[in-house]
C-alpha cells in the first residue's frame with residue numbers, strides 16, 4: 001500500500017490536482033479506470049473548484065470513503081449514517097495531522113485574496129510555497145491506514 005501513497009504524490013507532481021491525485025491512486029481498487037477517476041475528482045481541486053474551501057486532498061479522501069462505504073439505497077439511513085461517521089472521523093484525522101481542513105487555511109491565504117479559476121503554473125517556486133504535496137501524501141496515508149485496520153471498518157464512530 002505504500003506504493004499507492006507514493007503514486008498519489010507522483011500524480012500531484014505530474015500536474016494533477018490534489019483530489020485527482022488521491023482518488024486516482026486508489027481507483028483501480030474500486031473498478032474505475034484512471035480516466036474515470038481523474039474526471040470524477042477533477043472539480044474538487046484547489047479546495048473545490050479552486051474556491052479554497054475544503055482541501056481537495058481531503059475531498060479525494062472523502063470520495064474514497066464513499067466508494068468504500070457509501071449507501072446505495074435512498075432509504076438506507078443506517079448506511080448513510082455509517083458513511084457520514086467515517087467521513088467525520090477521516091476529517092478529524094486530517095485536521096489533527098495538518099492543522100486545518102480548509103484549503104485557504106492550509107495555504108495561509110487571507111480572506112481578501114480574490115478567487116480565480118486559473119491554476120498556478122507548477123514550478124519549483126509553486127512546490128516550495130504550497131504544502132499541497134504533503135496534503136496529498138497525508139490524505140493517501142490516512143486512507144491506507146484505514147484500509148489496513150480491519151477493525152476500523154466495523155467501528156462505529
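The values are calculated or read from the model by the stated rules, or taken from the named source; none is laboratory data. No experiment lies behind these values; they were computed from the predicted model shown. Because the Cβ atoms are built from the backbone with ideal geometry, glycine has one as well, and the counts that use them run over all protein chains shown.
For the reader, a short list of remarks on this structure follows.
- Failed item in (1) in contact with a helix residue (DSSP H, G or I) (Cβ under 7 Å, 6 or more places away or on another chain); (2) assigned to a helix (DSSP H, G or I); (3) closer than 24 Å to residue 11 by Cβ, with residue 82 passing the rest: (3)
- Among (1) over 17 Å from residue 62 (Cβ atoms); (2) touching a residue at least 40 places away in the same chain (Cβ under 8 Å); (3) surrounded by 12 or more Cβ atoms within 10 Å (Cβ to Cβ), the one test that residue 139 misses: (1)
- Complete set of residues in the range 21-55 that are part of a helix (DSSP H, G or I), closer than 20 Å to residue 95 by Cα and without any contact (Cβ under 8 Å) to a residue 60 or more places away in the chain: 23, 44
- Leading residue by the ranking (farthest from the chain's Cα centre (by Cα)) among those in the range 99-130 that are modelled with pLDDT of 95 or more, surrounded by fewer than 17 Cβ atoms within 10 Å (Cβ to Cβ) and assigned to a loop (DSSP other than H, G, I, E, B): 99
- Within the range 73-87, none of the residues are under 18 Å from residue 118 (Cα atoms) and modelled with pLDDT of 95 or more.
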